[in-house]
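Asks: If you scroll down you'll find the structure; I have some questions about it.
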Amino acid sequence: MSKIVLNYLYNMLYQFSMVISPVILTPYVARVLNVDSIGKYNYAFAIVSVLLVLGQLGTNMYGQREIAFSKGDKQERTEVFWNIFIIRIITHILLLPIYYVCVLHQQHCAPILYIMLIYVVSSMVDLGWFYQGIEAFRIITVRNIGIKILGIVFVLYCVKSDDDLLLYTFILAASQFIGNIYLWQKMPLYISKINVKKLDIKKDFINTLKIFVPTIAVYVYTFLDKILIGILSNDLEVAYYTQAEKLVKMLMTVITSLGIVLLPRLSAELKDGKVSILKDKFKVIIAFVFGVGTPMLFGCLGVSEDFIPWFLGNRFQESILIFQILSPLIIIIGLASVAGQAILIPLRLERVYTISILAGAVLNLIFNFILIPNHGALGAAIATIIAEFMVTMIQICVVFKLLNVKLKLFYSLIKNYLFGSVVVFAMCEIIKNFNIAAAEKIALSIIISITTYTIMLYKLRDKYTLLLKDYITNKRTQ
């Protein structure tokens, strides 16, 4: 378990580093660039992100799982790696004509899209999926943090006005490319020379397609909302939505990191026939998701009215309600990441995973077209919540049935966290009325809420809180 904990911490840092750059830069960029320019950038990035899913063809999740399966056999791992990497090269090259057509039809942000071609090359040579598969989370974490710090420094030093929008785009894209190239230097340690005759690209190509459908569906409704806001509303609404979404995604990484860490571990254990461990681990996962996610959700609802204007500036008042509506994603997507990514995929239940994602994508598309024309970013936020809730419900219901988890057991696992989180929200509401600066209110809310929540769980004799306490105590005494 200690290795899982360590990998979780590394991967959480890795996931944080993926969003920490835009989050740290958000208050700076929100004040340096015009709101319209921020919306234009995020609109272009949403287009590129959807296209990159076509290039990746589901190889990230599939590759991570297959590398985990072959972790003990270097030759097998080598063959799997080159099969998947060659597929990525081919699909990214085939992506270029589609990319060019998008540029021709989006002239208002064409210069940004041309610079973002760097992301296509960066995605093609990315090896993050491989290192996650062998559970080498430390390597990609250190790489990412270093590169993100470099990007932040360059943005703060070079981007000074709205005229620097293209420079801002280049710095973020180039830093990601450099980070992906860095990972190649350690590859000789993990793979050997390959016999070309042993490659079987066709087999892996067919298998990646099984995961590609749900993967592209996820990205379509993750980024399509921003594209549709830009088409059906305006770039200003895109900015309001994306700034709120970035903050929620940063908080989500605390939970979704667990699913990424568990996928290779459970894949390897299931290959060895250790199916019986799933139910016990799933109970711990549920307790973790609600134990951490529920107070974060209620805390977000409690401090958002002070936090958003303080962090983003008064020009983003409209993002407050959007942020509040999107906050439940912390738990909703957290549950889906562990149910789908950590349970269904290792069990090779891609069909169930695909059905759930497609159901969410269809719902998201329908509600986006209904709500965005009249409600803009607010409508997109509501559509996202509806879609993600559907995805999670399907996956959780299937997992509950597979593992024979009853609702009574589920409630017993989460009741303490729900009660404690309501108290957290009440504390935030009280502090909100204090006649002090916004930064002081936020800091005070966080400190008091964490302290109160922890004490309550301990007094309620919460099983997993006591286990965590014993684990920490034993570590200190060793």
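Read-outs: derived from the displayed coordinates by stated rules, not from any lab. The structure presented is a predicted model; accordingly, all values stated were derived computationally and were not measured. Reconstructed Cβ throughout: ideal geometry from the backbone, glycine too, with neighbour counts over all protein chains shown.
Asks: Among Tyr131, Tyr458, Tyr157, Tyr62, rank each residue by its count of other Cβ atoms within 10 Å, from fewest to most, as a rough exposure measure.
Replies: Values: Tyr131 22, Tyr458 12, Tyr157 9, Tyr62 26.
With the fewest neighbours first, Tyr131, Tyr458, Tyr157, Tyr62 line up as Tyr157, Tyr458, Tyr131, Tyr62.
Asks: Using the per-residue mean of other Cβ atoms lying within 10 Å as a proxy for protection, in what order, highest first, do the peptides 192-203, 395-406, 133-144, 416-427 fall?
Replies: Working: 192-203: 10.6, 395-406: 16.3, 133-144: 20.7, 416-427: 19.1.
Top of the packing list down: 133-144, 416-427, 395-406, 192-203.
Asks: At 20 angstrom or more along the helix axis (alpha-carbon based) and mean Kyte-Doolittle of 1.6 or higher, what helices does the chain contain? Whole DSSP H runs only. Can you show the working numbers first?
Replies: Numbers: long enough: 2-32 (44 Å, 0.89); 35-56 (31 Å, 1.10); 74-105 (46 Å, 0.86); 137-158 (31 Å, 1.64); 165-182 (26 Å, 1.47); 201-232 (41 Å, 1.15); 235-271 (50 Å, 0.63); 277-312 (46 Å, 1.21); 350-403 (43 Å, 1.54); 407-432 (36 Å, 1.25); 438-459 (31 Å, 1.10); 463-477 (21 Å, -0.80).
TM-like helix candidates: 137-158.
Asks: If Lys and Arg each add +1 and Asp and Glu each add -1, what is the summed charge of the other residues whose beta carbon sits under 12 Å from the beta carbon of Ser319?
Replies: Spelling it out: positives minus negatives among the neighbours equals -2.
Asks: Charges only on Cβ, +1 for Lys and Arg, -1 for Asp and Glu: so what's the dipole of the chain about the Cα centre, in debye to the nearest 20?
Replies: Working: 43 positive and 28 negative charges, 397 e Å.
Rounded to the nearest 20 debye, it is 1900 debye.
Asks: Same structure, new question: Specify the inter-centroid distance of region 26-100 and region 109-138, based on alpha-carbon positions, in whole Å.
Replies: Region 26-100 and region 109-138 have Cα centres separated by 5 Å.
Asks: Ratio to report: Rg/Rh of the chain, with Cα atoms as the point set and Rh obtained by the Kirkwood method; give two decimals. All intermediate terms of the calculation are to be shown ahead of the outcome.
Replies: Values: Rg = 22.3 Å, Rh = 23.4 Å.
Ratio of gyration radius to Kirkwood radius for the chain: 0.95.
Asks: Could you rank the peptides 92-98, 50-56, 146-152, 430-436 by their average count of other C-beta atoms within 10 Å per residue, with the highest value first?
Replies: Working: 92-98: 14.1, 50-56: 21.0, 146-152: 18.7, 430-436: 11.4.
In descending order of packing, they fall as 50-56, 146-152, 92-98, 430-436.
Asks: Sorting Trp184, Trp310, Trp129 on the 10 Å Cβ count, fewest up front, what's the list? If you can, show how the numbers build up before the last one.
Replies: Details: Trp184 10, Trp310 16, Trp129 22.
Going from least to most buried by this count: Trp184, Trp310, Trp129.
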